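Values in this text are rule-based calculations from the coordinates and carry no lab data. No experiment lies behind these values; they were computed from the predicted model shown. FYI the Cβ positions are ideal-geometry reconstructions off the backbone, even for glycines, and counts take in every protein chain you see.
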């Protein structure tokens, strides 16, 4: 009986965590550092070729100060100044979410 209660608790906690993570994904903006190791990254990201298939549209800012809205990312070379870290995955199955780079800043954010 205890085993079943523990198992159910784990499933409930995992589902709550997944919902919280998807909400966090939509709120991502700011300085981003690209990791070489997926274990060190906050998020594992897949780059989509089609805008309609992506979870989030990302506008790449040239200036850190302008990366202040959801979906606006400034790529930094210094891990210490980053708001979050990502790892680019080549296989969609292993990614936390997918992005598509947009050329229009107002389109950036979750779909």
Mean shadow area (nm²) of the C-alpha convex hull around the range 41-111 is 4.8
Modelling each spin label as a point 7 Å along the Cα-to-Cβ direction, I'd like the residue 39/residue 65 distance in nm, to one decimal. 4.0
Roughly speaking, what is the stretch gain from residue 47 to residue 84, that is 0.36 nm per residue apart minus the C-alpha to C-alpha distance, in nm to one decimal? 11.6 nm
Extension gain from residue 75 to residue 93, taking 0.36 nm per residue of separation minus the Cα-Cα distance: 4.1 nm
Zone residues, the range 81-97, relative to residue 24, backbone N less than 19 Å from point 7 Å out along Cα-to-Cβ: 81-89, 94-97
